[in-house]
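Have a look at the structure below, then the notes.
Every number here is computed from the coordinates shown, using simple stated rules; none is lab data. Not measured: the values here are computed from a predicted model. Cβ coordinates were reconstructed from backbone atoms using ideal geometry, including for glycine residues, and neighbour counts include every protein chain displayed.
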Amino acid sequence: MASLDGFDARTVEASKPMVFEPLPDGTYTATITDSVKRKNSKGTGDLLELSFKVQVGEHSGKTLKAYLNLWNPNEQAKEIAWREMSAICHAVGVMQPNDSTDLHGLPLDIIVKVRQSKRVNPTTGQEETKYFNDIKGYQKRVAAPAQPQATTEPAAKPAWA
């Protein structure tokens, strides 16, 4: 129990429910901002949760998560996770990280897809559709094409002019 003496909800604006709007399918420049080792949902192994923050464009600041089953008794799940980790390492140029924090703050491109999930709401009995983002791939950051720079010198006249 915690004392809330002095708190008056009438003096504080209530938070609004968060509505998740997925990013459109595409490739986004991002960095890993956080990483946490967690138990998997079955409690039989551990996974690495990575938080990616989009760095460029109209979706800058949006965060996506990836879950890598690096320590899993299921060999196929573990192999998929190790391949994803390898792709991330190649994309950021860190081939032998000692810790997941070695991957933080380094730019890479993530390939994002929208996934749709339908389920029946147990309270209302109505079917609901929810949308999620999945990271489907990782690659080295593709630099934006160089913009032509304005010159201060006048263009030379062609010889035939």
| Burial order of peptide ranges 23-32, 116-125 (average beta-carbon count within 10 Å, highest first) | 23-32, 116-125
| task | Working from Cα positions, state the angle (0 to 90°, nearest 10) between the long axis of helix 75-92 and the longest principal axis of the chain. | result | 40
| Candidates Ile110, Ile80, Ile135: whichever shows maximal mean-square fluctuation once the chain is modelled as a Gaussian network with Cα springs under 10 Å | Ile80
| query | Is the range 1-89 best put as rounded, prolate or oblate by its Cα gyration tensor, with a ≥ b ≥ c the root eigenvalues, rounded for a/c under 1.5, and otherwise prolate when a/b is larger than b/c, oblate when not? | reply | oblate
| For Asn133, which sequence-distant residues (separation of 5 or more, or a different chain) have an amide H within less than 5 Å of its own amide H, given hydrogens modelled in the peptide plane? | Arg115
| query | Short version: ³J(HN,Hα) in whole Hz for each residue of the range 27-40, in order, from phi by Karplus 6.51 cos²θ - 1.76 cosθ + 1.60 (θ = phi - 60°), x for Gly and Pro, what are they? | reply | 10, 10, 7, 9, 10, 7, 10, 7, 8, 9, 8, 10, 5, 6
| Given H placed 1.01 Å from N in the peptide plane, which residues other than close sequence neighbours of Tyr138 have an amide H under 5 Å from its amide H? | Ile111
| task | At 7 Å along the Cα-to-beta-carbon direction for both Asn40 and Gln96, put a label point, then send me their distance in nm to one decimal. | result | 2.8
| Using alpha-carbon positions, what is the distance between the centroids of the range 100-117 and the range 63-94, in Å? | 11
| field | Candidate aspartates and glutamates for bridging to Lys118, where Cα separation is under 18 Å - those fewer than 8 sequence places away on the same chain excluded | value | Glu21, Glu127, Glu128, Asp134
| Kirkwood-based Rg over Rh for the range 37-123 (C-alpha set), two decimals? | 1.02
| remark: With the convex hull built on the alpha-carbon atoms of the chain, volume per residue in Å³ sits at 333
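Rank by packing, highest mean first: peptides 33-40, 51-58, with packing defined as the count of other Cβ atoms within 10 Å averaged across residues. Working shown, then result.
Values: 33-40: 12.9, 51-58: 15.4.
Descending packing order for the listed peptides: 51-58, 33-40.
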